[in-house]
Amino acid sequence: MSARYALYYVPAEDDVLWQRACTWLGRDPVRGEDVPQAPVPGLHGITRDAALYGFHATLKPPMALRDGATQADLLAATREIAAGIPPFKLPPLDVSDLFGFLALTETEPSTGLQALADACVAGVDHLRAPATEAELARRRRAGLAAAEEANLRRWGYPYVFATWFFHMTLTAKLSEAQHAVYRPEAEAWFAEALDETRRVSDIGIFRQTAAGAPFVLTDRVKLGA
């Protein structure tokens, strides 16, 4: 597999939310290394997959670049997107049960977040390599609605534009018994961070060098710059 790239929202590195999340997942994608994990029994087993991607909210899902396109092209296109969008307030977040996963989700809709995600999906898609048949089949195994299938064919991912939703994944899919244990742990762990207000001020570019490799933050592109 060639390298894959994604555009994510990620908090600032000095934000307590970022620090708490990296410790919850046991990985810092800025430094590109594992970090001591929160002292919660069994946490490593339910955060392994989320840690691979790094703490984030997806704006443009992971994609390989088409032939002839480069990381520099992606950076330039992302700068063009960011220049037209001013920083904006992030809605308050809360720990939620999202289809069996624990995630941080917005407590109120944000037109700013939706507009940013829409711009990222459309604005760099000309650099995306077409999805392979294996990738399409993997996405379809979840069972897709008609709009999601149309998105998959056009954009290589089912959950974009009207089917997109902001979320910052904290765990793998959990059983009911696991939810009873880990949701209170997550709520307590993130309580201090979720009390703070913050702004969306940049777009993070992440890179995965090979299949199964962790994603690493390579660039932050400031909004409105």
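The values are calculated or read from the model by the stated rules, or taken from the named source; none is laboratory data. Just so you know, these numbers come straight off a predicted model, no measurement behind them. When we count neighbours, we look across all protein chains shown, and the Cβ atoms used for this are built from the backbone with ideal geometry, even at glycine.
If we keep just the residues of region 46-74 that are exposed (fewer than 15 other Cβ atoms within 10 Å of the Cβ) and touching a residue at least 60 places away in the same chain (Cβ under 8 Å), which is farthest from Leu25 (Cα to Cα)?
For region 46-74, the residue satisfying everything is Asp67.
Restricting the search to region 13-51, which residues are under 16 Å from the mean Cα position of the chain (by Cα), aliphatic (A, V, I, L, M) and closer than 21 Å to Ala180 by Cα?
Answer for region 13-51, where residues must be under 16 Å from the mean Cα position of the chain (by Cα), aliphatic (A, V, I, L, M) and closer than 21 Å to Ala180 by Cα: Ala21, Leu25, Ala50.
Might you let me know whether region 198-206 holds any residue that is over 18 Å from the mean Cα position of the chain (by Cα) and under 23 Å from Leu25 (Cβ atoms)?
no
In region 60-104, what residues are part of a strand (DSSP E or B), more than 17 Å from the chain's Cα centre (by Cα) and of a type in the set (A, V, I, L, M)? Please lay out each step first, then the result.
Let us first name the residues in region 60-104 that are part of a strand (DSSP E or B), namely 60-65, 88-90, 93-98, 101-104.
Still in the running and more than 17 Å from the chain's Cα centre (by Cα): 65, 88-89.
Result: Leu65, single match.
Please count how many residues of region 23-41 are out of contact with any Ser or Thr (no Cβ under 9 Å at 6 or more places or on another chain) and either charged (D, E, K, R) or under 20 Å from Leu98 (Cβ atoms) (or both).
5
Quick one: is Thr78 in contact with a Phe, Trp or Tyr (Cβ under 7 Å, 6 or more places away or on another chain), polar (S, T, N, Q) and at pLDDT 95 or above? It would help to see each step written out before you state the result.
Values: in contact with a Phe, Trp or Tyr (Cβ under 7 Å, 6 or more places away or on another chain): no; polar (S, T, N, Q): yes; at pLDDT 95 or above: yes.
Taking the combined requirement at face value, the residue does not satisfy it.
Suppose we filter Leu104, Leu144 for residues that are of a type outside the set (Gly, Ala, Ser) and touching a residue at least 24 places away in the same chain (Cβ under 8 Å); which single one remains?
Leu104
So which residues in region 182-225 are small (Gly, Ala, Ser) and either crowded, with 18+ Cβ neighbours inside 10 Å or not in a loop (DSSP other than H, G, I, E, B) (or both), if there are any at all?
Ala186, Ala188, Ala191, Ala193, Ser201, Gly204
Return a yes/no flag: does region 52-59 have any residue that is farther than 17 Å from Leu104 by Cβ, within 13 Å of the chain's Cα centre (by Cα), assigned to a helix (DSSP H, G or I) and at pLDDT 95 or above.
Yes, there is a match, as at least one residue in region 52-59 is farther than 17 Å from Leu104 by Cβ, within 13 Å of the chain's Cα centre (by Cα), assigned to a helix (DSSP H, G or I) and at pLDDT 95 or above.
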